[in-house]
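Trainee: Got a structure for you, written out below as structure tokens; questions coming shortly.
The values are calculated or read from the model by the stated rules, or taken from the named source; none is laboratory data. Values in this document were obtained by computation on a predicted structure and should not be read as measured data. Here the Cβ positions follow ideal geometry from the backbone for every residue, glycine too, while neighbour counts run over all protein chains shown.
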Amino acid sequence: MKGEIRDVREIIREEMLMRAKIMAALQEGPMTVPEIALAVGRPAHEVMYWVMGMRKYGQVAETEEDDGYFKYRAVLGEGK
Amino acid sequence: MNYDILIVGSGIGGMESALKLGDMGYKVLVVEKEPSVGGKMILLSKVFPTLDCASCISTPKMAATTHHPNIDVMIYSEVEQIKRGKNGKFTAKVRKKPTFVNSAACTGCRQCEMNCNVAVPDQYNSDMVARRAAYIAFPQAVPKKAVIEREGTSPCSYTCPAGIKAHGYVALARVGKYKEAFDLILETTPVIGSLGRACYAPCEGECTRGSLEGPLPIRRIKRFIADTHYRENPEPQRRFPETVGKKVAVVGSGPAGLTAALHLARQGYQVKIFEAAEQAGGMLRLAIPAYRLPKDVVDRDIKNVTALGVEIETGSRVENPAALKEQGFDAVFVATGTPVARSLQVDGENLDGVMNALEFLSKINLGQKIDLTGKTVVVVGGGNVAIDSARVAVRLGAQKVIVQYRRSREEMPAHHWEIEGAEKEGVEFRYLSAPLKFIGDGARVIAVKAIQMELGKPDAGGRRKPVPVKGSEHQIAADMVITAVGLGPDTRSFKAELELNKNGTIMVNQDTLQTSVPYVFAGGDVVTGPSMIVNAAGQGRKAAFFIDRFLKGEELAGAGYNYRLPPVDQQKVLARQKSYRKLEPVAATEHLKRGVRDFSEVEAPLSEEDVWYSTGRCLDCGVCSECSQCIATCPANAIDMTMQEERVEVEACAVIVSTGFKLFDASLKTQYGYGKYKNVISGMQMDRLLAPTRPYNTVLRPGDGKVPDNIAFVLCTGSRDCTVDNPICSRVCCMYSVKQNQLIMGALPLADVTVYYIDVRAFSKGYEEFYQQAGAMGANFVKGRVAKVEEKEDGNLVLYYEDIDNGGKLSQAEHDLVVLSVGLLPNAEVFNLFSGVKLEADDFSYVKEINEDINPAQTSIDGVFVAGTASGAKDIPDSILHAGAAAAQAAAYVERTRMSK
């Protein structure tokens, strides 16, 4: 988990870009943030911004907690 | 506007003062810079020591403030200056920022927000999650109205001569909304595929990313959007707008004519285009070679116009546009371009084998076969048309193609990438060489008599003038000579009706494009001279706007055409981030080979992955991208992108400043790793995580989403600390941390909570019991200052501290989340508000109360009072109490001044 933190504005801007990739990864089933990070090849702390942004706007929702981590699943967007 | 009291700021202090004064019958104006009243308190989870819900306490006051009959609230507004007038009253200049949403119509449904394509940090969630450029500040916002954050027009969009919203379609492509991106461009011009290939892309020249690694390939993104749309929709959907019963003739079917026709047809006019050539498209069809712009793309672009019912009559030259009125047209738009090639004025131009570039390119583009196999072709000129001609000659089999240009390469008007492309295809360049005459063997050209040039002094245009070198005459053998030395309009037959400029272009009113004949408008190259496709498209759009007004009988002068916000300052855009990840532009790929023989497109399209990567480089300069999705989805039609900033002056007898506090920036305590270690957060961030409107689904580590089970609090971060120039106690950190301890232990019963403190200040009513209660619930209080924090590989954090209760030994402990209980700082902005008189600060830069003990809230300015934390760090009960005092002081002052009159 060690390593540079990019500027938050830059990470958050990429939510729009990462949305499709995260949604594609979640087609396999609910995943934790570290699992999504592994699937999309990006650091977990960056994925956290994107997943929580997507949760806020109705694209993902949490499911069960598994060993200290919540899993997130794709849902139909509220705005759609 | 006259008020008894002006209140600056609508936090809990400002609202409390306003409500008290309003209830007393005073007319009050509250000015709030945010889009909602409520200040910081509404963002808190609960309040101490009662653990009442902060929202439950705040929202009734927020609603009461905005609905009180004696209180006016200006949200999203900033007081710029307050000055006392001669009558003793204060005059305040207030800037009302445009929200771009008609608040009367907005229902707060959030559709704009849900469909917005720009993500920015949500300041109301302490930057832990994104919000959108179109947003409602927070769920309990009062008023619950959307705001669109627009810092200006993005430079790419602003610079487009046609007004194409480049940032908008880039933002839409970024989320894969290619159809919406296509439709957005189609709002401006139909020649989308053509521009995606042949535009010189002034947008890219202004791209802010250009000052980092290089601009976005905006033009090629447009091409991708057009190609994707055309592949999925080979034929456009035919849609005939409701007719208004008037007819408009468009003369010329180039980008200007097509664009004007599109806009006019959409307005319900019956539009007919007259085109002199046998095929429509103007220069797109005739001048640009197919290897740069395939003609099926031009055909498909044209269908965007004919799908609206526009008729195109080809092979129909209009000699007198004004006379079209007699054929029943109510208005005419002349966009005939520059179809006449300039002469070189040298002997031999009439020889067989000498041809102007436009004639040469037109023949090829219209399908005529010219075989240049084994021939030597000399192209005279240095512009893009010359390069196009040379590269076409290569494709026709010429053995040798020479571009002869009288200046050096540096002065060549053609784009460098065009020159480089030609070189790679085998074109030879002879710089500083000019033709003297074309030599014929009988009627046919066989050579160019040329002379060497050298650059002399700069001419009137600043370019160094080429001067012949004496005795350097020589011959260049040539089977064919193509002259490409400029184009001009063909307006001779218009002269009788329309006023022309000396160079033959049509004279128009530059603002409206109206000619000397009121119902005739003109635009594009026939007005501007040879220019870019995108310029011509812009002229067509503008002409349509004014033709529509003309036909509706509306005034043309002063009509607001194409209003845009000023361009955003690129330096400010770059300053928004402390660092940038290096993202090199995708390389331009052209399939170039020496002696190419076919007309297949040379430029490779961007792949979807390229588009994804490239759009991801966009910096969202203007914040809002103007993608129009909010407009398209707002059920109340509340979006108004033309809204402009307003400045108003208000008068008030007294002023209360309730401008609150700032939070200490935890990153200044570098030893704690805030902003560097993912799982170190601030106290305000923890409060957001605990609030019902939290950014996550529960309290989670920002580093990986783990539910923390061992949380540390570091008290006095940035307060009681001379190293950060804030020696005073912030009065709230101990108790808000204790509050958070209790809430965490409720939310995460298995979590351990440790508080590192110097001493716990539980000074007010119920505080000591509250503190004891946290301990009883299991919070572990460790007396000792934390010296530093280190991050482990798994994201856990090791705290190094002095363990005072155990002999003062240096100890360390591991936690999986660290909360820095940051202190409060004064909001110094308040001191800039007053003009002509100084609002004094106390020793710690809060607003000074000149006689705090017996006259609380009174400042150094007679008639100006301070409420809440603007005068010093306070908890919420004290802020409310203080705001009440400020209200009483202000009311007394107003009455006193009335009595004295």
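Trainee: Only one of (1) more than 9 Å from chain B (Cβ to nearest Cβ); (2) outside any strand (DSSP E or B) is not met by A:Ala37, so which one is it?
Mentor: It is condition (1) that A:Ala37 fails.
Trainee: Restricting to region B:705-721, what's the tally of residues that are over 38 Å from the mean Cα position of the chain (by Cα) and among the basic types (Lys, Arg)?
Mentor: Number satisfying all stated conditions: 1.
Trainee: Could you please tell me which pairs satisfy a Cβ distance under 9 Å, a separation of 6+ or placement on different chains, a first residue in region B:370-383 that is polar (S, T, N, Q), and a second residue that is not in a strand (DSSP E or B)?
Mentor: Partner pairs satisfying both residue conditions: B:Thr373/B:Leu396; B:Thr373/B:Gly397; B:Thr373/B:Ala398; B:Thr373/B:Gln399; B:Thr376/B:Ala398; B:Thr376/B:Gln399; B:Thr376/B:Ala478; B:Thr376/B:Asp479.
Trainee: Next question. Can you name the residue in region A:12-37 that is of a type in the set (A, V, I, L, M) and closer than 25 Å to B:Gly675 by Cβ and, of all such residues, is surrounded by the fewest Cβ atoms within 10 Å (Cβ to Cβ)?
Mentor: Out of the qualifying residues, it is A:Leu17.
Trainee: Identify the single condition in (1) touching an Asp or Glu at 6+ places or on another chain (Cβ under 7 Å); (2) within 14 Å of chain A (Cβ to nearest Cβ); (3) not polar (S, T, N, Q) that B:Lys572 does not satisfy, given that it satisfies every other one.
Mentor: Of (1) touching an Asp or Glu at 6+ places or on another chain (Cβ under 7 Å); (2) within 14 Å of chain A (Cβ to nearest Cβ); (3) not polar (S, T, N, Q), only one is false for B:Lys572: (1).
So that you can scan it fast, the table gives a plain yes or no per residue for (1) over 42 Å from the mean Cα position of the chain (by Cα); (2) touching a residue at least 24 places away in the same chain (Cβ under 8 Å); (3) surrounded by fewer than 23 Cβ atoms within 10 Å (Cβ to Cβ):
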site: B:Asn726; (1), (2), (3): no, yes, yes
site: B:Val732; (1), (2), (3): no, yes, no
site: B:Met735; (1), (2), (3): yes, yes, no
site: B:Gly746; (1), (2), (3): yes, no, yes
site: B:Asp752; (1), (2), (3): yes, yes, yes
site: B:Asp759; (1), (2), (3): yes, yes, yes
site: B:Ala762; (1), (2), (3): yes, yes, yes
site: B:Gly766; (1), (2), (3): yes, yes, yes
site: B:Asn780; (1), (2), (3): yes, yes, yes
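Trainee: Additional query: Checking the conditions here, which among A:Gln59, A:Gln27 is under 12 Å from the mean Cα position of the chain (by Cα) and on the phi < 0 side of the Ramachandran plot?
Mentor: A:Gln59
Trainee: Something else about it: Out of region B:301-322, which residues are assigned to a helix (DSSP H, G or I), touching a strand residue (DSSP E or B) at 6+ places or on another chain (Cβ under 8 Å) and surrounded by fewer than 23 Cβ atoms within 10 Å (Cβ to Cβ)?
Mentor: B:Thr306, B:Ala322
Trainee: Taking into account only those residues within region A:69-80 that are at pLDDT 95 or above and within 7 Å of another protein chain (Cβ to nearest Cβ), which is farthest from B:Lys706 (Cα to Cα)?
Mentor: A:Phe70
Trainee: Among the residues of region B:694-727, what is the count of those that are farther than 17 Å from A:Met48 by Cα, touching a helix residue (DSSP H, G or I) at 6+ places or on another chain (Cβ under 8 Å) and within 14 Å of chain A (Cβ to nearest Cβ)?
Mentor: Here the count works out to 1.
Trainee: Which residues, counting only those in region B:441-494, are touching a Lys or Arg at 6+ places or on another chain (Cβ under 9 Å), without any contact (Cβ under 8 Å) to a residue 40 or more places away in the chain and not in a strand (DSSP E or B)?
Mentor: If the condition is that a residue be touching a Lys or Arg at 6+ places or on another chain (Cβ under 9 Å), without any contact (Cβ under 8 Å) to a residue 40 or more places away in the chain and not in a strand (DSSP E or B), then B:Asp459, B:Glu473 are the ones that fit.
Trainee: Take A:Glu28 and tell me if it is more than 26 Å from B:Ser614 (Cα to Cα), at the interface with chain B (Cβ under 7 Å from one of its Cβ atoms) and modelled with pLDDT under 95.
Mentor: Judged against the criteria, A:Glu28 is not a match.
Trainee: Which residues, taken from region B:577-602, are charged (D, E, K, R), within 14 Å of chain A (Cβ to nearest Cβ) and either over 27 Å from B:Lys177 (Cα atoms) or in contact with a strand residue (DSSP E or B) (Cβ under 6 Å, 6 or more places away or on another chain) (or both)?
Mentor: Across region B:577-602, the qualifying residue is only B:Lys578.
Trainee: Tell me the residue from B:Lys246, B:Lys272 that is touching a residue at least 12 places away in the same chain (Cβ under 8 Å) and touching a Leu at 6+ places or on another chain (Cβ under 6 Å), please.
Mentor: Being touching a residue at least 12 places away in the same chain (Cβ under 8 Å) and touching a Leu at 6+ places or on another chain (Cβ under 6 Å) holds for just one of B:Lys246, B:Lys272, which is B:Lys246.
Trainee: In the list B:Pro234, B:Pro161, B:Pro190, which residue meets the criterion of being within 19 Å of the chain's Cα centre (by Cα) and at pLDDT 95 or above?
Mentor: B:Pro161
Trainee: Right, something else. Filter region B:845-856 for residues that are under 43 Å from the mean Cα position of the chain (by Cα) and crowded, with 22+ Cβ neighbours inside 10 Å and give the result.
Mentor: Answer for region B:845-856, where residues must be under 43 Å from the mean Cα position of the chain (by Cα) and crowded, with 22+ Cβ neighbours inside 10 Å: B:Tyr846, B:Val847.
Trainee: Taking the condition of a type in the set (A, V, I, L, M, F, W, C), touching a His at 6+ places or on another chain (Cβ under 7 Å) and not in a loop (DSSP other than H, G, I, E, B), does B:Ala544 pass?
Mentor: yes
Trainee: Quickly run through region A:40-50 and pick out the residues that are facing chain B (nearest Cβ under 7 Å) and in contact with a helix residue (DSSP H, G or I) (Cβ under 7 Å, 6 or more places away or on another chain).
Mentor: The answer is A:Ala44, A:Met48, A:Tyr49.
Trainee: Quick one: would you say B:Glu473 is farther than 19 Å from B:Gly381 by Cα and either among the acidic types (Asp, Glu) or touching a Pro at 6+ places or on another chain (Cβ under 8 Å) (or both)?
Mentor: no
Trainee: Another question about this same structure. Does any residue of region B:389-396 turn out to be among the polar types (S, T, N, Q), under 20 Å from B:Leu372 (Cβ atoms) and in contact (Cβ under 8 Å) with a residue 60 or more places away in the chain?
Mentor: Yes, that holds for at least one residue.
Trainee: May I pose another question? Scan B:Ala870, B:Ala892 and give me the residue that is free of Cβ contacts under 8 Å to residues at least 60 places away in the same chain, over 30 Å from B:Thr754 (Cβ atoms) and out of contact with any Leu (no Cβ under 8 Å at 6 or more places or on another chain).
Mentor: Matching residue, one of B:Ala870, B:Ala892: B:Ala892.
Trainee: Are there any pairs with C-beta distances below 6 angstrom linking a residue in region B:209-223 that is among the small types (Gly, Ala, Ser) to a residue that is in a loop (DSSP other than H, G, I, E, B), with the two at least 6 apart or on different chains, and if so which?
Mentor: Pairs that qualify, where the first residue is among the small types (Gly, Ala, Ser) and the partner is in a loop (DSSP other than H, G, I, E, B), are B:Gly214/B:Pro585.
Trainee: Hey, another quick one. Which fully enclosed helices (runs of 4 or more DSSP H) of region B:128-243 have 3 or more residues being away from chain A (no Cβ under 14 Å)?
Mentor: Answer list for region B:128-243: B:155-159, B:178-186, B:192-198, B:202-206, B:218-232.
Trainee: Follow-up question, since we're still on this one. Which condition does A:Arg9 not pass, out of (1) out of contact with any helix residue (DSSP H, G or I) (no Cβ under 8 Å at 6 or more places or on another chain); (2) farther than 18 Å from B:Ala133 by Cα; (3) surrounded by fewer than 22 Cβ atoms within 10 Å (Cβ to Cβ); (4) within 7 Å of chain B (Cβ to nearest Cβ), if it passes all the others?
Mentor: Failing condition for A:Arg9: (2).
Trainee: I need a count of the residues in region A:51-64 that are within 8 Å of another protein chain (Cβ to nearest Cβ) and in a helix (DSSP H, G or I).
Mentor: 5
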